[in-house]
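> One structure coming up, written as structure tokens, with questions to follow.
The values are calculated or read from the model by the stated rules, or taken from the named source; none is laboratory data. Keep in mind it's a predicted model, so treat the numbers as computed, not measured. Please note: Cβ atoms are built from the backbone with ideal geometry, for glycine as well, and neighbour counts cover all protein chains shown. The area values use the complete protein model at the heavy-atom level, side chains included, leaving out ligands, DNA and RNA. Shrake-Rupley method; radii C 1.70, N 1.55, O 1.52, S 1.80 Å.
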Amino acid sequence: VQLQASGGGLVQAGGSLRLTCAASGLPFSTYVMGWFRQAPGKEREFVAAVSGSGGSTYYVDSMKGRFAISRDNARNTVYLQMNSLKPDDTAVYSCAARGPFKLVAYTTGGYDYWGQGTQVTVSS
């Protein structure tokens, strides 16, 4: 199984980025896909998740309305659209897969596979 995250970069506060995670080697549509982030000196934290069908999405309250997770099962890809970015959003963002046919999880231990992460830096 491989999860390849991309799309990070340097952006000014108030800007937007779209992260992409391309998956291979697993029955993608049967896996919950999640995004986590880890800021320097902090623990990795849950950002968002999407069900296998894409019909249900889950967010940390502080990111609702700014971030949007989606998936394209035909392309084995999950996205994280991030808008109105703040300096506090600076972190390494990683995608993760949980399945098959499991309910969503909000902790790192609940996921079976991880991508390598992509750096997002938001300048003030």
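> Do we have any residue at all in segment 49-63 that's of a type in the set (S, T, N, Q), modelled with pLDDT under 95 and out of contact with any Leu (no Cβ under 9 Å at 6 or more places or on another chain)?
Of the residues in segment 49-63, the ones of a type in the set (S, T, N, Q) are 51, 53, 56-57, 62.
Those left that are additionally modelled with pLDDT under 95: 62.
Filter once more, so that each one left must be out of contact with any Leu (no Cβ under 9 Å at 6 or more places or on another chain): 62.
The answer is yes, given that some residue of segment 49-63 is of a type in the set (S, T, N, Q), modelled with pLDDT under 95 and out of contact with any Leu (no Cβ under 9 Å at 6 or more places or on another chain).
> For segment 79-106, which positions are assigned to a loop (DSSP other than H, G, I, E, B) and among the aliphatic types (A, V, I, L, M)? If you could, list the steps in order and put the result at the bottom.
If we filter segment 79-106 for residues that are assigned to a loop (DSSP other than H, G, I, E, B), which is where we start, we get 83-86, 90, 99-106.
Across segment 79-106, the qualifying residues are L85, L103, V104, A105.
So that you can scan it fast, the table gives a plain yes or no per residue for (1) more than 14 Å from G115 (Cα to Cα); (2) crowded, with 16+ Cβ neighbours inside 10 Å:
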{"position": "V11", "(1), (2)": "yes, yes"}
{"position": "C21", "(1), (2)": "no, yes"}
{"position": "R37", "(1), (2)": "no, yes"}
{"position": "P40", "(1), (2)": "yes, no"}
{"position": "G65", "(1), (2)": "yes, no"}
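> Quick check on this structure: which one of S84, S94 is modelled with pLDDT of 95 or more and on the phi > 0 side of the Ramachandran plot?
S84
> Here's another thing I want to ask about it. Confirm whether D88 is open to solvent by 20 Å² or more (accessible area, probe 1.4 Å), of a type in the set (D, E) and under 19 Å from Q4 (Cβ atoms).
No, not satisfied.
> Given the criteria surrounded by 15 or more Cβ atoms within 10 Å (Cβ to Cβ), under 17 Å from L3 (Cβ atoms) and free of Cβ contacts under 8 Å to residues at least 60 places away in the same chain, does V47 qualify?
Values: surrounded by 15 or more Cβ atoms within 10 Å (Cβ to Cβ): yes; under 17 Å from L3 (Cβ atoms): yes; free of Cβ contacts under 8 Å to residues at least 60 places away in the same chain: yes.
Answer is yes for this residue.
> Only one of V122, V78 is crowded, with 19+ Cβ neighbours inside 10 Å and farther than 18 Å from C21 by Cβ. Can you tell me which?
Unique residue meeting the criteria: V122.
> Do we have S70 as within 15 Å of the chain's Cα centre (by Cα) and either at positive phi or open to solvent by less than 60 Å² (accessible area, probe 1.4 Å) (or both) here?
When the stated conditions are applied, S70 passes them.
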